[in-house]
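Trainee: Before I ask anything, let me first share the structure, which is written out below as structure tokens.
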Amino acid sequence: MRDSAFSVLRKGPAVAVGLALLLLTACVDPTLSTATSGQPPLPKAEENVYVASMDQGIAIPALPVEKIPEAYRRQVVEYATEQAPGTIIIDPSKRLLYYVLNSKKAIRYGIAVGKAGFEWSGEAVVAEKKTWPTWTPPKEMIARKPELAKWENGQPGGPTNPLGARAIYLLSNGVDYGYRIHGTPEWNSIGRNASSGCIRMINQDVIDLFARVKGGEKVIVLTAAGEMPKGLFIPKPPAVKKKVTPAPLPALVVLPPPLIAVAAPVAVVAPAAAPAVTPAATTAPAATPAPKCTVGLVNGVCPEGKATP
């Protein structure tokens, strides 16, 4: 091996340069070279891409990367497909979005998709892109959530806007059905069925994808089972539950107070006083006549034995 290397060097500098280039290309994946030309750098393994930044004067906070499941973090993965580079493939069953780099690889992002009753599938194209877009809730959404009526003329872009930092507008068969790929301030909804049909992304991720798409790219939304769609399926919006207005109560009839019979006052007659009983006069016993003295009184007293009854 050493002798062959020296023999190459003896053949001239041009051959040596060619050998060096050959060795360098062996360390680089050639399938990524054309797909990433003029694109933002590809995410690196173990790189934290969810750091704080300022974007057009609006602060984007850092995210606790340890709370984002690894499957939903931005990364380059093996992905076999026949779709052209630049195609966006959305898999609602796994809550993942793939940006195709080539036939073997793609950039994978975690997403949130439509709740039950809001899932759609089919093909679309990237029609428009907007930074910090205005969000206008559709009338059907306002009917479901009357508190959103304050934004019927549009909510300006900003950190609390539901569309987040970027929005990619989609058309299917030339029709805008209201579906978007957009950012969200609710980063912890990623990996869930949480939206009304739009595709939510972490703000840092949607900024990265936004910089890669140029317009006109094909977007494929797989079925709920993760299969290629056979046509465009747009769900009917769920019926708005009508508020049941209770029937008015009949007018209350005010009745006069019931007549209460009042008994005539009863004269209280004091019991007649019992006639005074005059106690019978006590008849004094007849006085016993004083005995008569038969002799003359001695010192005013009749001598003993000389009185007569």
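Trainee: Multiplying the sequence separation of Ala211 and Ala224 by 0.36 nm and subtracting their Cα-Cα distance, what value in nm do you get?
Mentor: 1.9 nm
Trainee: Hey, how many Å between the Cα centroid of the range 109-178 and the Cα centroid of the range 198-236?
Mentor: Centre-to-centre distance over Cα atoms comes out at 13 Å.
Trainee: Please turn the phi angles of the range 137-142 into ³J(HN,Hα) values with the Karplus equation 6.51 cos²θ - 1.76 cosθ + 1.60 (θ = phi - 60°), one per residue in order, whole Hz, x for glycine and proline.
Mentor: x, x, 4, 4, 6, 5
Trainee: Can you run phi through the Karplus equation (6.51, -1.76, 1.60; θ = phi - 60°) for the range 180-193 and list ³J(HN,Hα) in whole Hz, with x for Gly and Pro?
Mentor: So the J values, rounded to whole Hz, are 9, 9, 8, x, 7, x, 8, 4, 6, 8, 5, x, 10, 8.
Trainee: Ok, one more. Using the Cβ atoms and a cut-off under 12 Å, what net charge is assigned to the surroundings of Gly197, where Lys and Arg are +1 and Asp and Glu are -1?
Mentor: Once positives and negatives cancel, what remains is +2.
Trainee: For the range 127-238, what are the per-bin percents of Cα-Cα distances with bins 5 Å wide, up to the bin holding the maximum?
Mentor: 2, 11, 19, 23, 23, 15, 6, 1
Trainee: Shifting gears a bit: Report the convex hull volume per residue for the range 44-160, counting only C-alpha atoms, in Å³.
Mentor: 165
Trainee: Between beta-carbons, use under 13 Å as the cut-off and find the net charge around Ile220, counting Lys and Arg +1, Asp and Glu -1.
Mentor: Net of charged neighbours comes to -3.
Trainee: Still on this structure, I have one more. Could you derive backbone 3J(HN,Hα) for the range 205-221 from the dihedral phi with the Karplus parameters 6.51, -1.76 and 1.60 (θ = phi - 60°), listing whole Hz in sequence and x where the residue is Gly or Pro?
Mentor: So the Karplus estimates, Gly and Pro as x, are 6, 5, 5, 5, 5, 4, 6, 8, 7, 10, x, x, 5, 7, 10, 10, 9 Hz.
Bear in mind that the values in this text are calculations on the coordinates, not laboratory data. Just so you know, these numbers come straight off a predicted model, no measurement behind them. Note: ideal-geometry Cβ built from the backbone for every residue, glycine included; neighbour counts use all protein chains shown.
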